[in-house]
Amino acid sequence: MRNDLMMKRLIILFVLGILLCLGAQAQTKEGRDYKTGLGLRLGGFASGFTVKGFIKPKGALEGIAAFGRRSFVVTGLYEHHFPITGVNGLNLYAGGGGHIGFFGHRNAYLVHRYKKKDNIIYVVEEGGTAVIPGIDFVFGIEYKFQGAPFTIGADLKPFVDFYEGVAAYADGALNVRYVF
């Protein structure tokens, strides 16, 4: 019951973050071709919704609400964009942030690790949920189509979970966003 309340609060915080990103105004267009983007992130471990809003000419906040196998993960990132000279709309970006994941019974993303083999699993009790914090890094490339309100991108997002120790993973994804 307590985890359900925490999840509802995090969803509310995520929605508020989206609203803040929608209201973010950059002072110049240097280094970017849009203010805000809403779209889908199709990842290896988890896929979901993404919102990115520029708060500086080359700095953006990104929020991700991702769903995986018996899991839900909310991620917040700061990303610095590096425009590629000579190609309008093409940017590299790098950044970092954190996440909170909610994992159902016997689930650690797509990889089960059992205590019997001197490893861990996130949830032992059937019907139980584990709440797991972590840190994230992101490295990616994004292209804003000239004359169209869309971007497409790819990223690598290494991350670390803190649960009975430290577990590191790397997730890759394709991103498609409607931008304005």
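No value in this document is a laboratory result; all are computed from the given coordinates. Computed from a predicted structure; not experimentally measured. Please note: Cβ atoms are built from the backbone with ideal geometry, for glycine as well, and neighbour counts cover all protein chains shown.
Its Cα gyration tensor gives the stretch 33-88 an equivalent ellipsoid. The semi-axes, each the square root of 5 times an eigenvalue, are 25, 12, 9 Å from largest down. Highest average first, the peptides 82-95, 167-180, 129-142, 45-58 ordered by how many other beta carbon atoms sit within 10 Å of their residues are 45-58, 129-142, 167-180, 82-95.
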